[in-house]
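Below is one structure, written out as structure tokens; the observations come after it.
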Amino acid sequence: EDQVTQSPEALRLQEGESSSLNCSYTVSGLRGLFWYRQDPGKGPEFLFTLYSAGEEKEKERLKATLTKKESFLHITAPKPEDSATYLCAVEPNTGNQFYFGTGTSLTVIP
Amino acid sequence: DAGVIQSPRHEVTEMGQEVTLRCKPISGHDYLFWYRQTMMRGLELLIYFNNNVPIDDSGMPEDRFSAKMPNASFSTLKIQPSEPRDSAVYFCASSRLRGGGYTFGSGTRLTVV
């Protein structure tokens, strides 16, 4: 069964304290893995697409990496404005479905 | 571009009433998706359209739910009759491609009492 699991559910960091969020997945074949950011009361905002193991993408303080079983979203020297829920989603290479994880709620304390 | 526009932002209705949610996708985006988000189940894909044609509605929970896309700039999601368990935030998203770089709207928060 196709599945996406994100950990931890919640993470509190001091400003400047780097950390990583995890997204593990089980799909028969991966077409793509996607990271989104969601602020309270808003829709998810697209961040990155990763297609193959070893691929990395960066945007400001965020870097996403992909292996055959999981993806990490590394946050370097976070700021309070990075506080949000980060969602991971996978698209299997068969069928029409697109699976979201339940997200990691990140709080960065000044 | 104004992005994906959804209306209303909030809807409170009584059980048994009909509810219609509306979405205007980004111009030029050939794919339109309807998602539902709850604390328990997260984001769930309900249905998606390609060039105004429904492609996969396997996520639509029951026959009480229906979706239409009469043209490239408008889609509706209708629930009739509504039930309290339908309470959730409903998102519309659009994209040029099938793969997941979607642009989401701000959502409609539906409360059925």
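Throughout, read-outs are computed from the coordinates displayed, never taken from laboratory work. No experiment lies behind these values; they were computed from the predicted model shown. Heads up, the Cβs are rebuilt from the backbone with ideal geometry, glycines too, and the neighbour counts pull from every protein chain shown.
Tabulated data for the structure shown
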| read-out | value |
| --- | --- |
| Any hit, segment B:34-56, residues being at the interface with another protein chain (Cβ under 10 Å from one of its Cβ atoms), touching a Leu at 6+ places or on another chain (Cβ under 6 Å) and free of Cβ contacts under 8 Å to residues at least 40 places away in the same chain | no |
| Any hit, segment B:35-56, residues being of a type in the set (A, V, I, L, M, F, W, C), under 16 Å from B:His10 (Cα atoms) and not in a loop (DSSP other than H, G, I, E, B) | no |
| Qualifying positions in segment A:36-63 - in contact with a Cys (Cβ under 9 Å, 6 or more places away or on another chain) and part of a strand (DSSP E or B) | A:Tyr36 |
| Residue ID - nearest to A:Phe98 (Cα to Cα), chosen from residues in segment A:30-46 that are more than 9 Å from chain B (Cβ to nearest Cβ) and hydrophobic (A, V, I, L, M, F, W, C) | A:Leu30 |
| Selection status of B:Ser66, in a loop (DSSP other than H, G, I, E, B), over 21 Å from A:Gln38 (Cβ atoms), free of Cβ contacts under 8 Å to residues at least 40 places away in the same chain and polar (S, T, N, Q) | no |
| Residue selected from segment B:1-34 under the condition part of a loop (DSSP other than H, G, I, E, B), of a type in the set (A, V, I, L, M, F, W, C) and in contact with a Ser or Thr (Cβ under 7 Å, 6 or more places away or on another chain), by the criterion surrounded by the most Cβ atoms within 10 Å (Cβ to Cβ) | B:Val4 |
| Every residue from segment A:64-94 that is part of a loop (DSSP other than H, G, I, E, B) and aromatic (Phe, Trp, Tyr) | none |
